[in-house]
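Asks: To start, I am sharing the structure in question, which I have written as structure tokens.
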Amino acid sequence: MQAIFEKYSLKKPENLIPLLQEIQETKGYLTDEIVEKVSAHLNIPINRIYGVATFYDQFRFKRRGRFHIQVCRGTSCYLCSSSSYLKEIEKLLKVQDGSVTRDKKFSLETVNCMGGCSQSLVIRINDTYYHHLSVADLGDIIRSLKEKTE
Amino acid sequence: MPAQEITDNKAFLTEKVIKNYSGIFDKASLAKIAGIRRDTVDKPVIFIATGTCGIISGAKATLEKVRKFISENNIDASIIEVGCNGFCSAEPLLDVQLPGKTRLAFHHVTEDKAEDVLNSALHHTVQPDLVLGQYRQQGLEEWPNVPLIDDLPWFSRQTRHILKNAGIVSPASIEEYIVRGGYKSLYKTVLNYPADKICEIIEQSELKGRAGGGFLTGKKWKIALDTAGDQKYMICNADESDPGAFMDRAIIESDPHRVIEGLAISAYAIGASQAIIYVRSDYENPLNILEQAIKQAKEYGLLGGDIFGSGFSLSVSLRKGAGAFVCGEETALVTSLEGQRGLPRSKPPYPAEKGLWGHPTVINNVETLANIPGILENGPGWFKSMGTRSSKGTKLFSIAGKAVSTGFIEVPMGISFSSIIYDIAGGVRDGKALKAIQLGGPSGVCIPPAELDTPLDFEALSGIGAKLGLGGLIILDEKTCMVNLARYFIDFLQKESCGKCIPCREGTRKMLDILNGITKRPKEESAHETLERFKGVVQLENLAHVISDTSLCGLGQNAPNPVLSSLKWFREEFEEHIFDRRCSAGVCHDLRTFCIDVDHCNGCNICQKRCPENAIIGSLKMPHFIIESKCTGCGICFDVCKFSAIYFK
């Protein structure tokens, strides 16, 4: 984290978002402690940092699971019934949108658009994309990932 | 490539190619250019489209397979990663160019098919089921019985200027862009024209902003140029937060230098020495490509200090958007760049007068900037010769949803919806009927089949109450419920409303409540609830007008569009939902009531076992029956029935 602070050594308010972005990229998520440190570093009040961090969808205060599942809810994917895929995942993993399973193995998130509207429906698990899946295929993929973690 | 060759190439391209706009070259230079352009190749070249759409379809796995195949079989061939050519539904795309022969394109080359495709192509045969077509290249031997790519319906009706390099050049190579005429316009601009002349040329071309507003780009530049200020900023808006639109991503992934050249010219025109490209953080691939392209342009002296010795300096930085739909609005984008929550400001003053840190700032989107090099190369008259009276030039559209072919296209302004849907995209998938076309993102409108002949330009669209937006077209088939879709858009906009002004924050919330009341079945239908629902319905239209009249920024002003347009053209569907409590498309689960067709039910008992509400009764081998009051419309019985005995009404 020190290296990131050094990169944004200037106490300019416009450095706040890139700084938080880079910290999240390396740490995976933000914590209260990080916010305090950033506040001290940039000389910006803590409440303002929370204001910014909770405004944007990108910032999260929860750890991701080992497998992070992103379901696209863009218009094109919605028309390909992305909600039924979402329900299937919620049912299989007992996890809600935006949260992590108890064993910290899976996390689920809906995203506005991944830019792959021509290939919809798009689901991403870590760095692997899946498209044109059936609900049953998705179930198989998740079950196989579940076995892997056991 | 050896270091010496890179330095030689660089000197050759900057000194001889960019600066020579007579276009006359000596023989040795021509051969060198042809080599970089790959007009002729001395060994097989394999091109793989690894844009985001390609990656989603599995292009990276195909790429690995091709690499492995080549090294295992000791084949002397080079592999080039290119962007998508626009025909996304045919991804993963793989092209092969053999010495002396035209470039051949294959579609749907997934990992398992890569080996077969290469094997046959390298042995000079083609697999007819996977071949897409061959490129038109003069002086090269054509493949027999293979159609030309230009003749395919997807491509034949397009006019590709912004996309002319898409899928052909490597986005990682500045050399390829330069030998195809790149950066000549920038050279011409900074050496020959004063800034106000450039503004004038762009104003003459009547280029209008491609992000939906439709304001004259040249005029916007002129305002920024004429506003006094020691520091000015040029911003490229690559936030593209409309779900369903992806052409900005496509331009960046296919031809990033065109955007950078456009950005540099516009910065010169407004007198800015700093430019920022604001990209969505979800767009990982475009971000990497842009980063590399900026680095290359700096190395070539096309960005940085004292460009071409003209005294014009420009530093370009990349900023990642943190994911907020409202930041597509220019004033919200500016506040976001200042490190605050992305709240819009009231206009005027417009950013061109008072933008980032109070300095004059011009914000143009990717497509607008990609148009600039072409206008300066060919003149404003050329640009004006395309399009219609109110809208000049070409426009990119992305086609998604239930069309047979999906992807992005470039067509002259003024083309009709029907031409795009039926002639280019091949109609609606699975032979279904077209219900509507959704245009312009979540705050856009749904256009009914009756308006299909409307030309796509600013004037004609505003005539039917629609807006062009970014140009995302989503094809809706008969299985779409317009009320549910309107509810989805309002749900999206309500979540993305920044909360600054009350009409948008509270109004969208109220609209969502009303639409939820229409599309969902309450647990118990008391008289009070019914009354509330009807009161809401009566006020829906009124509320929509209040929100659009009183909101601060474009998000709120346009938020009621999906509801208003659906009420205008699909009113009977709303009435069906409200009065009959029925959704004929079967999308609103709560409003479905399932029935069993006694003639088809053989009493297999599966539905009875799977029903979570115990709403199905009947004994084995006897037709079953659904108790309507218990049924929640979940549709599990409908899905599990193997005899199609269950239907909904």
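The values are calculated or read from the model by the stated rules, or taken from the named source; none is laboratory data. Note that this is a predicted model, so its numbers are computed, not measured. We place every Cβ from the backbone using ideal geometry, glycine too, and count neighbours over all the protein chains shown. Keep in mind that these areas ignore ligands, DNA and RNA; they rest on the heavy atoms of the full protein, side chains included. Shrake-Rupley method; radii C 1.70, N 1.55, O 1.52, S 1.80 Å.
Asks: Pick from B:A293, B:A370, B:A297: which is crowded, with 22+ Cβ neighbours inside 10 Å, touching a His at 6+ places or on another chain (Cβ under 6 Å) and closer than 25 Å to B:T50 by Cα?
Replies: On the way: B:A370 fails: touching a His at 6+ places or on another chain (Cβ under 6 Å); B:A297 fails: touching a His at 6+ places or on another chain (Cβ under 6 Å).
Every option except B:A293 fails the conditions.
Asks: Check off (1) within 23 Å of the chain's Cα centre (by Cα); (2) within 11 Å of chain A (Cβ to nearest Cβ) for B:L369 and give me the number that stays unchecked.
Replies: Condition not satisfied by B:L369: (2).
Asks: From the list A:S76, A:S84, A:S118, pick out the single residue that is more than 8 Å from chain B (Cβ to nearest Cβ) and polar (S, T, N, Q). Steps first, answer last, please.
Replies: On the way: A:S76 fails: more than 8 Å from chain B (Cβ to nearest Cβ); A:S118 fails: more than 8 Å from chain B (Cβ to nearest Cβ).
One residue alone meets the criteria, A:S84.
Per-residue answers, yes or no, for (1) open to solvent by less than 10 Å² (accessible area, probe 1.4 Å); (2) touching a residue at least 12 places away in the same chain (Cβ under 8 Å):
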site	(1), (2)
B:W357	no, yes
B:G374	no, yes
B:W382	no, no
B:L396	yes, yes
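Asks: Mind telling me which of the residues B:K32, B:K43 ends up being in a helix (DSSP H, G or I) and basic (K, R)? Walk me through it before giving the result.
Replies: On the way: B:K43 fails: in a helix (DSSP H, G or I).
Just one listed residue meets the conditions, B:K32.
Asks: Here's something else I'd like to know. Can you name the residue in the stretch B:140-158 that is part of a helix (DSSP H, G or I) and of a type in the set (F, W, Y) and is also surrounded by the fewest Cβ atoms within 10 Å (Cβ to Cβ) among such residues? Spell out the reasoning first.
Replies: Applying the first criterion (part of a helix (DSSP H, G or I)) to the stretch B:140-158 yields B:149-151, B:153-156.
Of the ones still in play, those that are also of a type in the set (F, W, Y) are B:154-155.
Working: B:W154: 23, B:F155: 19.
If we take residues in the stretch B:140-158 being part of a helix (DSSP H, G or I) and of a type in the set (F, W, Y), then B:F155 is surrounded by the fewest Cβ atoms within 10 Å (Cβ to Cβ).
Asks: Does A:S81 satisfy the condition of being open to solvent by 30 Å² or more (accessible area, probe 1.4 Å), closer than 30 Å to B:L485 by Cα, among the polar types (S, T, N, Q) and in contact (Cβ under 8 Å) with a residue 24 or more places away in the chain?
Replies: Against the criterion (open to solvent by 30 Å² or more (accessible area, probe 1.4 Å), closer than 30 Å to B:L485 by Cα, among the polar types (S, T, N, Q) and in contact (Cβ under 8 Å) with a residue 24 or more places away in the chain), A:S81 qualifies.
Asks: Restricting to the stretch B:431-462, name every residue that is within 14 Å of chain A (Cβ to nearest Cβ) and free of Cβ contacts under 8 Å to residues at least 40 places away in the same chain.
Replies: Listed by number, the residues that qualify are B:I437, B:L439.
Asks: For the stretch B:241-280: of the residues being out of contact with any Phe, Trp or Tyr (no Cβ under 6 Å at 6 or more places or on another chain) and either basic (K, R) or open to solvent by 10 Å² or more (accessible area, probe 1.4 Å) (or both), which is farthest from the other protein chains (Cβ to nearest Cβ)? Working first, answer last.
Replies: Restricting attention to the stretch B:241-280, the residues satisfying the condition of being out of contact with any Phe, Trp or Tyr (no Cβ under 6 Å at 6 or more places or on another chain) are B:242-246, B:248, B:251-256, B:258-260, B:262-267, B:271, B:273, B:275-280.
Narrowing further to those that are either basic (K, R) or open to solvent by 10 Å² or more (accessible area, probe 1.4 Å) (or both): B:242, B:258, B:271, B:273, B:276, B:280.
Working: B:D242: 8, B:R258: 18, B:G271: 22, B:S273: 17, B:I276: 10, B:R280: 8 Å.
Top of the filtered list is B:G271.
Let's see how each residue does on (1) of a type in the set (F, W, Y); (2) buried (at least 19 other Cβ atoms within 10 Å of the Cβ); (3) more than 14 Å from the chain's Cα centre (by Cα):
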| position | (1), (2), (3) |
| --- | --- |
| A:K7 | no, no, yes |
| A:L10 | no, no, yes |
| A:I17 | no, yes, yes |
| A:E25 | no, no, no |
| A:V71 | no, yes, no |
| A:C77 | no, yes, yes |
| A:E90 | no, no, yes |
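Asks: Within the stretch A:98-128, track down each residue that is closer than 23 Å to B:I474 by Cα and surrounded by fewer than 21 Cβ atoms within 10 Å (Cβ to Cβ). Break it down stepwise before answering.
Replies: Just the residues of the stretch A:98-128 that are closer than 23 Å to B:I474 by Cα, to begin with: A:110-124.
Within the stretch A:98-128, A:T110, A:V111, A:R124 qualify.
Asks: Sticking with this structure for a sec: Name the residue, out of B:L337, B:L396, that is of a type outside the set (S, T, N, Q), within 16 Å of the chain's Cα centre (by Cα) and within 14 Å of another protein chain (Cβ to nearest Cβ). Quick ask: steps written out before the conclusion?
Replies: Numbers: B:L337 fails: within 16 Å of the chain's Cα centre (by Cα).
Matching residue, one of B:L337, B:L396: B:L396.
Asks: Return the total of residues in the stretch B:574-611 being open to solvent by less than 20 Å² (accessible area, probe 1.4 Å) and assigned to a helix (DSSP H, G or I).
Replies: Final tally of qualifying residues: 5.
Asks: Which count do you get for residues in the stretch B:546-568 that are in contact with a strand residue (DSSP E or B) (Cβ under 7 Å, 6 or more places away or on another chain) and farther than 23 Å from B:K500 by Cβ?
Replies: Summing the residues that are in contact with a strand residue (DSSP E or B) (Cβ under 7 Å, 6 or more places away or on another chain) and farther than 23 Å from B:K500 by Cβ in the stretch B:546-568 gives 2.
Asks: Now for a separate question. Residues being closer than 21 Å to B:T454 by Cα and either at the interface with chain A (Cβ under 9 Å from one of its Cβ atoms) or not acidic (D, E) (or both): count how many of those fall in the stretch B:464-494.
Replies: Of all residues in the stretch B:464-494, those closer than 21 Å to B:T454 by Cα come to B:464-478, B:482.
So of that shortlist, the ones also either at the interface with chain A (Cβ under 9 Å from one of its Cβ atoms) or not acidic (D, E) (or both) come out as B:464-477, B:482.
The qualifying residues number 15.
Asks: Of everything in the stretch A:121-144, what is within 11 Å of another protein chain (Cβ to nearest Cβ) and either basic (K, R) or in contact (Cβ under 8 Å) with a residue 24 or more places away in the chain (or both)? Give them in sequence order.
Replies: Looking only at the stretch A:121-144, we keep the residues that are within 11 Å of another protein chain (Cβ to nearest Cβ), and these are A:121-124, A:127-132, A:135-136.
Within the stretch A:121-144, A:L121, A:V122, A:I123, A:R124, A:V135 qualify.
Asks: For B:I289, work out the one condition from (1) in contact with a helix residue (DSSP H, G or I) (Cβ under 9 Å, 6 or more places away or on another chain); (2) under 24 Å from B:T394 (Cα atoms); (3) assigned to a helix (DSSP H, G or I) it doesn't fulfil.
Replies: Failed condition: (2).
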